[in-house]
1. Answer with yes or no whether THR2 is modelled with pLDDT under 95, out of contact with any Cys (no Cβ under 7 Å at 6 or more places or on another chain) and among the polar types (S, T, N, Q).
2. Restricting the first residue to region 36-65 and requiring it to be among the small types (Gly, Ala, Ser), which pairs with a second residue that is part of a loop (DSSP other than H, G, I, E, B) and surrounded by 13 or more Cβ atoms within 10 Å (Cβ to Cβ) meet a Cβ separation below 9 Å and a spacing of at least six or different chains?
3. Can you name the number of the only condition in (1) surrounded by fewer than 10 Cβ atoms within 10 Å (Cβ to Cβ); (2) aliphatic (A, V, I, L, M); (3) without any contact (Cβ under 8 Å) to a residue 60 or more places away in the chain that ALA3 fails?
4. Among residues belonging to region 41-70 that are among the hydrophobic types (A, V, I, L, M, F, W, C) and within 27 Å of THR2 (Cα to Cα), point out the one that is nearest to the chain's Cα centre (by Cα).
5. Just the residues that are at pLDDT 95 or above and of a type in the set (Gly, Ala, Ser), please, taken from region 33-56.
6. Out of region 17-57, which residues are among the acidic types (Asp, Glu) and loosely packed, with under 15 Cβ neighbours inside 10 Å?
Amino acid sequence: MTAVKIVKITGSAEESWQAAAEEAFREASKTIDDISGVEVEDWTADVEDGEISEYRATVEVAFPVHDQQRQ
């Protein structure tokens, strides 16, 4: 059985919610190895002058917990 750790990350983008979710994944993958899944938890946005100015996606990133032998 594999244990899985889940962390929550928020990404942002000016283009779309999809771009914000992809940004969250890209940033997480810089420091997390073996990401096995991403689940979008929440979509939000900032509005200025009646237009969306920034999209945000909060995602949960799942990755396996690796056994490390103690020396």
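1. Criteria met by THR2.
2. Note: pairs meeting the criteria are ALA62/ILE35.
3. Only one criterion is unmet by ALA3, namely (3).
4. Selected residue: VAL59.
5. ALA45, GLY50, SER53
6. GLU27, ASP33, ASP34, GLU39, GLU41, ASP42, ASP46, GLU48, ASP49, GLU51, GLU54
The values are calculated or read from the model by the stated rules, or taken from the named source; none is laboratory data. Quick caveat, the model's predicted, so the values are computed rather than measured. A quick note on method: Cβ atoms are made from the backbone with ideal geometry, for glycine too, and the neighbour counts reach across all protein chains shown.
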